[in-house]
Structure formats: C-alpha cells, structure tokens
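Worksheet: one structure, shown below.
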Amino acid sequence: MKAFSYFTEKNEPRIGIESDEGRLNFTQIWSYFKEIKKFPHAPELYFLQLMVELDYFSQETFDKVLQIVKDFRGLTDLHISGNIRYDVPISRPSKILCLGRNYRAHAQEMNNPVPEAPIFFAKMPSALLAHEGAIRIPGGIGRVDHEIELAVIIGKKGRNIKEEKAMEHVAGYTIADDVTAREMQKAEAAKGKPWTLAKGMDTFCPMGPYLVPADAVADAHNLKMELSVNGETRQKGHTGDMVFKLPELISYISRFMTLEAGDIILTGTPEGVSPIKPGDRIECRVDQLGALVNTVMAAD
Ligand code: MG
C-alpha cells in the first residue's frame, strides 16, 4: 500500500492510495477515520501529514478503513481517472535532516574519510519538489549533482530516543534526491563554511511520489536503490550498506534535537553521484517505494 497527495485536473487537492484494489481517491472516505473527523476543516493539502502527526498512518489503518468502506458502500466510484499532478507527501515538515557520507563507497569517491559519528546537515522545507516537477538550477553555480536517498518520515515526537525504540518513531518511507551544488559545497567546505546554500536551494529536495507506511516495509535496510539520468544508470546501491543504520541515527540526532512528527530524514547516498544539467530526466527507484521522476531546467 502506498499513499500519495495529488491535485485533480481542476487543481483540487486530494489524497490517493495505491493498493490491491487499484488507485483510489481516499479523500472521499477520510471521514471513516474517526480521529480525523475532529478536524472537519483540515486542509486536504496536509491530510497525509495530519495522519502522520496523529500517529494514524499505517498499513493496518488503511486496510481496516478500506474493508469497512468496501463492505458498506463499495469502492467503484473511488477509482482515480484523468490526469493528476503529484504533490509532495509531506509538505510542511518542521525540519529536513540529511546524513553526509553515510555510505562508505560514496565517502571514498568524494575523497572523504568515513565518519566516526553521523554527519547531519539540513535542507529547507522550501526546497521540497514533487514527483514530475522540475529541478531549477540558478546560473553560474557550476556543477550540480544528483544523490538518491531513502527518506524516513518521523511519526512520533521524541527526544533522547533509545536505539531499541527508534523504529517506533518511524511513520513511513519515501524517496528523495539530495540535489547538491557540488562546486559551491566544496568551496564552502574548504573555507570552513556550512553547506546550507549548496544543499538548500529551491527545488533541491525532490521527494515522493509515495509515502509508504513503516508497517508495509518489512526491512528498510533491505532495499535496492537505483538512479538513472536520461535512461542511463548512474547510481546503484542497497540500504543495507548504510554506515549508520536508522535506529542509530534516529537515536543520535534525538540527543540534540526533538524529532517532531512529520520531520524528514534523508539517510545518505550510495556511490555514483554525477552532474545534471537542464534538459535531463532523472529517475530514482527504490524497492517497494516506487519511482521518483524529475526533469531539470535553468532557473529564471
Ligand atoms: Mg546526500
């Protein structure tokens, strides 16, 4: 089961799911979630995030609601037809945290040592870009790279989270591309400056298209990932190769920052990063999470 946010041809925000029953408009039946009924005017745009924040986002919940609806009224009129435009599954996180050098071979290709503790940096929520949106590259910034990553969505607020409890704080998973202005990043790092600009520009965090509940993914460290540019494979990796695994990195960061429901953690990229340019089409695939596709254009 995969959930997603989208706009109809009339630009109306909706929630959809892909399940054994096909691709369904879930917005019409959200009132079956009794907790969410308490928010009659909840903006549809943020519905998935609301489910996450209410700790309501799970395969189990979707299955239960689908079964009730199926028995009560059927699903026939819920099938999505026509063109849709995807939105990011989580659009207003309090923060987007990212891991640097969390795959050995990527640290090596960048001539960097493998870190002894997780290296965290941040991207801005304004950098988020939906599936099929265009990455916009400002002029004169030099080389810009793609970085396919597994993104973790936090579902339960926490501080000082113990490693053995860490996975209970995960609501689900999606795909992200940690787009990086590489020349700027290197120049900033050489001067001892932070990477904020190089990593945080508008559209530099494509994410989606789906949010897959944590209980639908048996093992987040057993997923193959592959990124292609214009059909040519550039990155191939496996989430089992992370230097710091999810429990460790969630526990580590929560010693210093409260993790809020809806927060996003990008868990690092495998080797094979390479430059992108206007006109390119980038496809990021992760087992069980679908494919995130974006184009590239020059910014105004
Ligand atoms: Mg990265």
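The values are calculated or read from the model by the stated rules, or taken from the named source; none is laboratory data. Computed from a predicted model, the values in this text were never measured in an experiment. Neighbour counts are summed over all protein chains in view; Cβ atoms, including those assigned to glycine, are modelled from backbone coordinates with ideal geometry.
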| task | Hey, could you check the stretch 103-127 for residues that are in contact (Cβ under 8 Å) with a residue 40 or more places away in the chain and under 28 Å from Glu18 (Cα atoms) and say which is farthest from the ligand (Cβ to nearest atom)? | result | Ser126
| query | Which one is surrounded by the most Cβ atoms within 10 Å (Cβ to Cβ), of the residues in the stretch 82-102 that are within 16 Å of the ligand (Cβ to nearest atom) and of a type in the set (A, V, I, L, M)? | reply | Ile96
| Hey, does the stretch 134-145 have a residue that's within 15 Å of the ligand (Cβ to nearest atom) and at pLDDT below 95? | no
| Which ones in the stretch 230-273 are of a type in the set (Val, Ile, Thr), more than 18 Å from the chain's Cα centre (by Cα), within 14 Å of His146 (Cβ to Cβ) and within 14 Å of the ligand (Cβ to nearest atom)? | Val273
| Contacts under 6 angstrom Cβ, first residue in the stretch 63-85 being under 19 Å from Ala3 (Cβ atoms) and assigned by TED's automatic domain parsing to the domain that holds Ile15, partner of a type in the set (A, V, I, L, M) and at pLDDT 85 or above, 6 or more apart | Leu78/Leu24
| field | the stretch 175-207, subset more than 16 Å from Ile276 (Cα to Cα) and in contact with a strand residue (DSSP E or B) (Cβ under 6 Å, 6 or more places away or on another chain), residue nearest to the ligand (Cβ to nearest atom) | value | Trp195
| message | When you scan the stretch 223-231, do you find a residue that is farther than 21 Å from Ala107 by Cα and touching a helix residue (DSSP H, G or I) at 6+ places or on another chain (Cβ under 6 Å), even just one? | response | no
